[in-house]
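Okay, structure first, notes after.
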Amino acid sequence: MKRCNIYKTLENAVLQHAKNADFDCLKVVIREARKKEKMNEALFGDRDEHGWAALHYAAFQNRSEMVEFLLANKANIEIKTDADHKFIAKQSTPLIIASKREHTLLATKVFIPTNADVQAENGEGEDCAYFATVNEDVPLLKLILTRYPSVARKAYEKNGKILRTRNRLIH
């Protein structure tokens, strides 16, 4: 059996195991929290010195299985970062992080179907549609154009590049 590091609190253990991409130990901590009846949103709200929570690191590292597990256990899908870190602006949601990092499958197959707010903006006023256009992420942009045309229009106003990407999608 794998040995997991011990941390001061369950909340800190969740954060550290997500940060270290240690999914096996993360599952052990969640099982322990269930036993102690400590399953609540606060369990996933602990932040590190950069203002990031477990779900931010799972999104940043493109750990879709970990993201799904955290969401299934009531992690806040809209939790925002407290500070700039790793080239990610403060006030970024996990969906914004996934979009900026071009983690298309994570954005299109996990976050958006789980009702992540596609209109949420980070501290720079950027949302997932903005990053879809900047990165020319056609699958993500196509999903946004289909499901959320008003969001796509707003991105167009901010970034004329969407027109070229959109024309490739439509034609």
Throw me the Rg/Rh for the range 12-85, computed over C-alpha atoms with Kirkwood Rh, two decimals.
-> 0.93
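Using the structure shown, select from Lys36/Lys86; Lys86/Lys109; Lys38/Lys142; Lys8/Lys80; Lys27/Lys100; Lys109/Lys154 the pairs with a Cα to Cα distance greater than 30 angstrom. Each step should come with its number before you reach the end.
Working: Lys36/Lys86 34 Å; Lys86/Lys109 24 Å; Lys38/Lys142 40 Å; Lys8/Lys80 24 Å; Lys27/Lys100 27 Å; Lys109/Lys154 23 Å.
The answer is Lys36/Lys86; Lys38/Lys142.
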Give the carbon-plus-sulfur fraction of the accessible surface of the chain in %, rounded to a whole number; probe 1.4 Å, heavy atoms of protein chains only.
-> 47
Alpha-carbon spread of the range 1-146, three principal axes, descending order, Å | 44, 27, 23
Any idea what angle helix 138-147 forms with the longest principal axis of the chain, computed on alpha-carbon atoms, 0 to 90 degrees, nearest 10?
-> 80
Relative to the first principal axis of the alpha-carbon coordinates of the chain, what is the inclination of helix 149-158, with its axis defined by its Cα atoms, in degrees from 0 to 90 and to the nearest 10?
-> 80
Sparse-neighbour loop sites [trypsin sites (Lys or Arg not before Pro); the range 1-94; at most 15 other C-beta within 10 Å; DSSP] = Lys2, Arg3, Lys8, Lys36, Lys38, Lys74, Lys86, Lys90
Taking only C-alpha pairs under 8 Å that are 6+ residues apart, what is the relative contact order of the range 1-102 in percent?
-> 24
Where GluC sites (Glu not before Pro) in DSSP loops with at most 10 other Cβ within 10 Å are excluded, longest remaining stretch of the chain | 50-171
Pairing the Cα long axis of helix 161-170 with the longest principal axis of the chain, what angle in degrees results, from 0 to 90 and rounded to the nearest 10?
-> 80
Area of Tyr130 that stays accessible when all protein chains are in place (1.4 Å probe, Å², to 10) = 60
Would you calculate, for the chain, the mean residue ellipticity at 222 nm contributed by helices, counting each DSSP H stretch of 4 or more residues as -39,500 (n - 2.57) and dividing by all residues, to the nearest 500?
-> -14000 deg cm²/dmol
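The values are calculated or read from the model by the stated rules, or taken from the named source; none is laboratory data. Everything numeric in this text was worked out from a predicted model, so none of it was measured. Note that we place each Cβ from the backbone using ideal geometry, even for glycine, and neighbour counts take in every protein chain shown. Ligands, DNA and RNA are stripped out before the accessible areas are found, and what is left, the full protein with its side chains, is counted by its heavy atoms. Shrake-Rupley method; radii C 1.70, N 1.55, O 1.52, S 1.80 Å.
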